[in-house]
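Below is one structure, written out as structure tokens; the observations come after it.
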Amino acid sequence: MESESKLFNGSEKDVSLSSSKLTKKESLKVQKKNYREEKKRATKELLSTITDPSVIVMADWLKIRGTLKSWTKLWCVLKPGVLLVYKTPKNGQWVGTVLLNACELIERPSKKDGFCFKLFHPLEQSIWAIKGPKGEAVGSITQPLPSSYLIIRAASESDGRCWMDALELALKCSSLLKRTMIREGKEHDLNSSSDSAHVSLYGLLRANNLNSGDNLPLNDSEIERHHFKDQDMYSDKSDKENDHEHDESDNDGLGKSEESDSDTSERQDDSYIDPEPIDIKETTYLEQSHEELGEAGEAAQTEVVSEENKSLIWTLLKQVRPGMDLSKVVLPTFILEPRSFLDKLSDYYYHADFLSEAALEENAYNRMKKVVKWYLSGFYKKPKGLKKPYNPILGETFRCMWIHPRTNSKTFYIAEQVSHHPPISAFYVSNRKDGFCLSGSILAKSKFYGNSLSAILDGEGRLTFLNRGEDYVMTMPYAHCKGILYGTMTLELGGTVNITCEKTGYSATIEFKLKPFLGNNDSVNQISGKIKLGKEVLAILEGHWDSEVTIRDKKTDVSETFWNPTSDIKQRRLPRYTVKFEEQDDFESEKLWQQVTKAINNKDQTEATQEKYVLEEAQRKSAKERKLKGEEWTCKLFDQDSVTGEWHYRYADTRPWDPLNDMIQFEKDGTIQTKVRHRTPMVSVPKIKRKPTSQKKGECGFSSPEPDNQDSSGSEAQLMKHNTRIRKKGADLGELQSAIESIKETQEDIKRDIMALRNRVTSNSPPADNQFLQLKHYIFIVILVLLQLIINFLFK
């Protein structure tokens, strides 16, 4: 006889050995065969508990609290290892499946009647299975339920205690329950008294059973095939390597023996295949070779204009007047910085590692300080002289990224020019692994004041820490250029910016000060600021935005260096990677402006002006063609909310990073995606309606579905349905607003009619004199009647 060794849950059980010994390869092959059988057995156990309607620990109506703090009554079915949630017990409207193996259970105090308890994941990860008992990818529509916990209320304390006892046993003894409670058409014999004890105990805890066996039909072969084809089939690297050794041993030594044939057939029956390699089709990025930082102080912000260029300035000034918006004025190329404004907006992320640190910071005050420090780190990078970046062309895009060596993560930056008149630039930054993302849009304005002009960046950025759900809303300073007609042309930053976190109550205010008329060199690039909790000032900031900034604690009155871009700090800044030129789209900034940039770098102003004119003329021609055809411009990567006017990245993923499922974040064709071990449905949370901005509104919804890519997380079908529901809600909201406006107009009409009637009644009423005569007549008649009565009384 041949020897066999079977593996049960990782432990080895020896069986009787025959007189002849197996070779080492044969023994390994048998172990691998048993390993696969054990995996198949474990899967069948779980499937049987789900498919068998008699395997029920408890089933009853429970109230579950949603994310909107309201309660919903749902039918809950407790099985070994899982809790199935339905809308109703009869037609099987599945809502979700809770995986109990990773959950903890705790009683929760409550003021209301009944008994309350909480199921939760201790590390705030998802407790939900990705598919339903029938393979559903999307559950029945109910109010939104939390992802990492469930707060449940039973009707009475006795029912609640019974549910807690049942859940405790389901949590701790799920594998034993699976083996003892499985019934596949008939009752199994119980092998031990302890098993019988468990079954009888759960029989006492059962409240209800499902009435029919049609509630949970499931195809075993399909589920098993899906399970074994999962790309995370191997528990670790050694299993995968051993499996490759197994294939080699089959090819080398054993040939086509009966054992190898049966082994192969079994492997085919089990759908046991090699997992797909991590093959990610992502954009190729190359490290940026040249970077201009500029020097601190006023020297790097001044420009000496040549006589030739002065004549160009005078020609330009003839076209403008004080207070005029310069967005439609064609500027000379000698003041242009050879890169797009979309590129310049990325200067704030060379120190994105500060945001990685802030996301891990537990103290809210220290988090705000790190956010302010990151904000200030984006200003010291400046070109030499007075330079202005290109005005982006409508539809122009820009992509880049930074690699974080400490966390082995990537920060991706995506920007698009979403409007030309007015000029609006939208951007999105994401690093899910380090727990932050940032989005926003900037409306660029410019004003001419005679000897100076200002470039105003109207808009806001919204920094979100994914694990905390905190939003930090921030504004931008304006750029001020003086000395256009006389004096030295100098560029400064001015204005007051605010950084606010509504959730924690912390805020920061930073004032960028312009140099006074009689100020010295130390008064150049000055800033002052405060960090506050509510109205209480906690710290004072003083210094220069391109050099050292100090912070002084209000309580201790101790000052220390808060931020200083020294040479050591600049060397440790994150390297930026840009898209390989050959892979860039025609409307990407570098490729779009390549001829203009080349001419400016060669100091050929004539050629630069000509190439710039070609691009601008092509944009005007395209706009005219769209107008004639009645077409509207459609953005590639961003959508505008029709209610708030805010621009949102179409493929935004703001879920916290799941180290057990998420593998790597990457970007392809402007779409930031995540490679995952198991495909999970994307849950899009509706955004809070904010006050509409002054930017031009479009006709876009909150979000759009994920791109059709196997590597991206989420179910495309679910996303399409979710997007349809969101758009339908948006349409309903628009109809509601129209109805409200109609009601208001009707109220105004009614009010006007009432006023007209009131005036008509007043005009038709008899004059006061007539009223007086009538009253006098009545009095006279009364007097006569009284005299008559008196006379009658006297002569009676």
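The values are calculated or read from the model by the stated rules, or taken from the named source; none is laboratory data. Small disclaimer: the values here were computed from a predicted structure and weren't measured. Cβ placement follows ideal geometry from the backbone for every residue including glycine, while neighbour counts extend to all protein chains displayed. Only protein heavy atoms, including side chains, enter the accessible area calculation; ligands, DNA and RNA are left aside. Shrake-Rupley method; radii C 1.70, N 1.55, O 1.52, S 1.80 Å.
Accessible area ranking (1.4 Å probe, heavy atoms, ligands and nucleic acids excluded), largest first, for L775, L345: L775, L345.
Between E582 and T142, the simple label model (points 7 Å from Cα in the Cβ direction) yields a spacing of 5.5 nm. In this view, the solvent-accessible surface of W545, computed with a 1.4 Å probe and all protein chains in place, comes to about 10 Å². The amide H of S446, built 1.01 Å from its N in the peptide plane, has L326, S327, I456 as neighbours under 5 Å, considering only residues 5 or more places off or on other chains. Residues whose amide H comes within less than 5 Å of that of K79, counting only those at least five positions distant or on another chain, are V57, L84 (H built at 1.01 Å from N in the peptide plane). Here the range 522-549 is scanned for amide nitrogen atoms under 19 Å from the site 7 Å beyond the Cα of N498 along Cα-to-Cβ, giving 528-541.
The alpha carbon gyration tensor of the range 569-637 gives principal lengths a ≥ b ≥ c with a/c of 1.5 or higher and a/b no greater than b/c, which makes the shape oblate. Protein-only accessible surface at a 1.4 angstrom probe places the residues Y349, Y778 in the order Y778, Y349, largest first.
Each label point was placed 7 Å from the Cα along the Cα-to-Cβ direction; for S567 and S528 their separation is 3.3 nm. When the surface is traced with a 1.4 Å probe over the full set of protein chains, V138 keeps roughly 50 Å² accessible. Heavy-atom accessible area with a 1.4 Å probe sorts E337, E357, E611, largest first, into E357, E611, E337.
Sorting 571-580, 779-788, 405-414 by average packing, meaning the other beta carbons within 10 Å per residue, from highest down gives 405-414, 571-580, 779-788.
Amide H contacts of L466 (H built 1.01 Å from N, in plane; Pro and chain starts excluded): F436, C437 sit under 5 Å, all sequence-distant by 5 or more or on other chains. In this simple spin-label model, placing a label point 7 Å from the Cα along the Cα-to-Cβ direction at both I779 and Y365 gives a separation of 8.2 nm. Length gained on full extension, T67 to Q788, computed as 0.36 nm times the residue gap minus the Cα-Cα distance: 250.8 nm.
3J(HN,Hα) along the range 110-124, derived from phi through the Karplus expression 6.51 cos²θ - 1.76 cosθ + 1.60 where θ = phi - 60°, amounts to 8, 7, 7, 5, x, 10, 10, 9, 10, 9, 8, 8, x, 9, 6 Hz, with x in place of Gly and Pro.
The slack between K535 and N451, meaning 0.36 nm per residue of separation minus the straight C-alpha distance, is 26.4 nm.
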